[in-house]
Amino acid sequence: MYELDSGSSRRLDSIAFTSDSRGIVTERSYVPLDLVHRPTCGNAPEPSLPPAYFYNDGWLWRSDTEAGARRVCWLPPTVHPDEEEARNSWSVQGHTIACRTQDNHLVVMDASRC
(Lines give C-alpha, C1' and ligand atoms only; values in the text may rest on other atoms or scores of the structure.)
Protein backbone atom coordinates (compact mmCIF):
# COMPACT_ATOMS: atom_id res chain seq x y z
CA MET A 1 0.00 0.00 0.00
CA TYR A 2 1.35 3.41 -0.94
CA GLU A 3 0.13 6.86 0.07
CA LEU A 4 0.73 9.56 -2.52
CA ASP A 5 0.42 13.32 -2.29
CA SER A 6 -2.28 14.68 -4.59
CA GLY A 7 -0.81 18.17 -4.35
CA SER A 8 -3.94 19.60 -2.76
CA SER A 9 -5.46 19.73 0.71
CA ARG A 10 -8.93 20.16 -0.80
CA ARG A 11 -11.33 17.26 -1.18
CA LEU A 12 -10.81 15.06 -4.25
CA ASP A 13 -14.08 14.41 -6.08
CA SER A 14 -12.82 11.98 -8.72
CA ILE A 15 -9.91 9.57 -9.15
CA ALA A 16 -8.97 7.67 -12.30
CA PHE A 17 -5.96 5.98 -13.85
CA THR A 18 -4.61 7.52 -17.04
CA SER A 19 -5.26 5.49 -20.18
CA ASP A 20 -1.59 4.42 -20.30
CA SER A 21 -1.58 3.48 -16.55
CA ARG A 22 1.39 5.77 -15.92
CA GLY A 23 -0.41 8.03 -13.48
CA ILE A 24 -3.54 8.93 -11.55
CA VAL A 25 -5.68 11.89 -12.51
CA THR A 26 -7.92 13.85 -10.17
CA GLU A 27 -9.92 16.96 -11.00
CA ARG A 28 -6.98 19.04 -9.71
CA SER A 29 -3.85 17.02 -10.32
CA TYR A 30 -1.87 14.40 -12.18
CA VAL A 31 0.17 12.06 -9.96
CA PRO A 32 2.79 10.13 -11.94
CA LEU A 33 3.38 6.57 -10.72
CA ASP A 34 6.85 5.07 -10.39
CA LEU A 35 7.32 1.99 -12.54
CA VAL A 36 7.03 -0.32 -9.51
CA HIS A 37 3.64 1.21 -8.58
CA ARG A 38 2.09 1.06 -12.05
CA PRO A 39 -0.49 -1.60 -12.86
CA THR A 40 1.01 -4.51 -14.73
CA CYS A 41 -0.37 -4.64 -18.25
CA GLY A 42 0.14 -7.71 -20.37
CA ASN A 43 2.95 -9.23 -18.28
CA ALA A 44 0.99 -12.31 -17.32
CA PRO A 45 -1.98 -14.07 -18.87
CA GLU A 46 -5.21 -12.74 -17.46
CA PRO A 47 -8.48 -14.64 -17.11
CA SER A 48 -11.18 -13.77 -19.61
CA LEU A 49 -12.73 -11.38 -17.09
CA PRO A 50 -10.48 -9.42 -14.75
CA PRO A 51 -11.24 -9.59 -11.04
CA ALA A 52 -13.39 -6.93 -9.44
CA TYR A 53 -12.21 -5.28 -6.24
CA PHE A 54 -14.48 -3.58 -3.75
CA TYR A 55 -14.50 -2.27 -0.19
CA ASN A 56 -17.00 -3.51 2.38
CA ASP A 57 -17.08 -3.16 6.17
CA GLY A 58 -13.37 -2.44 6.60
CA TRP A 59 -12.18 -5.09 4.13
CA LEU A 60 -10.83 -5.06 0.59
CA TRP A 61 -12.63 -7.82 -1.36
CA ARG A 62 -11.83 -9.52 -4.66
CA SER A 63 -14.40 -11.22 -6.85
CA ASP A 64 -13.59 -13.29 -9.92
CA THR A 65 -15.22 -15.99 -12.02
CA GLU A 66 -13.02 -18.78 -10.61
CA ALA A 67 -13.13 -18.22 -6.85
CA GLY A 68 -16.13 -15.95 -6.33
CA ALA A 69 -15.87 -13.21 -3.69
CA ARG A 70 -13.26 -13.36 -0.95
CA ARG A 71 -11.58 -11.03 1.52
CA VAL A 72 -8.16 -9.84 0.42
CA CYS A 73 -7.08 -7.74 3.40
CA TRP A 74 -8.34 -5.56 6.20
CA LEU A 75 -7.90 -1.83 5.62
CA PRO A 76 -7.01 0.35 8.60
CA PRO A 77 -9.52 3.15 9.28
CA THR A 78 -7.02 5.77 8.07
CA VAL A 79 -7.22 4.37 4.53
CA HIS A 80 -10.93 3.54 4.32
CA PRO A 81 -12.39 4.99 1.13
CA ASP A 82 -14.97 7.74 1.37
CA GLU A 83 -18.19 5.70 1.41
CA GLU A 84 -20.47 8.67 0.72
CA GLU A 85 -18.75 9.26 -2.63
CA ALA A 86 -17.64 5.69 -3.39
CA ARG A 87 -18.26 5.95 -7.13
CA ASN A 88 -15.86 8.88 -7.49
CA SER A 89 -13.34 7.90 -4.81
CA TRP A 90 -12.32 4.47 -6.11
CA SER A 91 -10.57 3.43 -9.32
CA VAL A 92 -9.21 0.02 -10.35
CA GLN A 93 -6.86 -0.79 -13.21
CA GLY A 94 -5.96 -4.48 -13.32
CA HIS A 95 -4.86 -5.33 -9.78
CA THR A 96 -3.93 -1.76 -8.82
CA ILE A 97 -6.45 0.15 -6.73
CA ALA A 98 -6.42 3.90 -6.13
CA CYS A 99 -8.77 5.40 -3.58
CA ARG A 100 -9.42 8.65 -1.78
CA THR A 101 -9.54 8.22 1.97
CA GLN A 102 -12.00 9.88 4.34
CA ASP A 103 -9.30 12.39 5.30
CA ASN A 104 -8.64 13.21 1.63
CA HIS A 105 -5.43 11.25 1.04
CA LEU A 106 -4.70 9.28 -2.10
CA VAL A 107 -3.79 5.63 -1.47
CA VAL A 108 -2.60 3.14 -4.11
CA MET A 109 -2.73 -0.61 -3.41
CA ASP A 110 -1.21 -3.45 -5.42
CA ALA A 111 -3.36 -6.58 -5.07
CA SER A 112 -1.62 -8.61 -7.78
CA ARG A 113 -0.23 -11.13 -5.29
CA CYS A 114 -3.41 -11.55 -3.28
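The values are calculated or read from the model by the stated rules, or taken from the named source; none is laboratory data. Keep in mind the model is a prediction, meaning the values are calculated, not measured. Heads up, the Cβs are rebuilt from the backbone with ideal geometry, glycines too, and the neighbour counts pull from every protein chain shown.
Applying the set (1) of a type in the set (Asp, Glu); (2) under 15 Å from the mean Cα position of the chain (by Cα); (3) at pLDDT 75 or above to Asp57 leaves exactly one unmet item: (2).
Residues that are crowded, with 18+ Cβ neighbours inside 10 Å, at pLDDT 80 or above and touching a Pro at 6+ places or on another chain (Cβ under 9 Å) number at least 1 in the following strands (runs of 3 or more DSSP E) confined to the range 65-114: 90-93, 96-100, 106-110. Considering each of Pro39, Pro45 in turn, give the residue that is at pLDDT below 75, under 14 Å from the mean Cα position of the chain (by Cα) and either in a loop (DSSP other than H, G, I, E, B) or polar (S, T, N, Q) (or both). Sole residue among the options that is at pLDDT below 75, under 14 Å from the mean Cα position of the chain (by Cα) and either in a loop (DSSP other than H, G, I, E, B) or polar (S, T, N, Q) (or both): Pro39.
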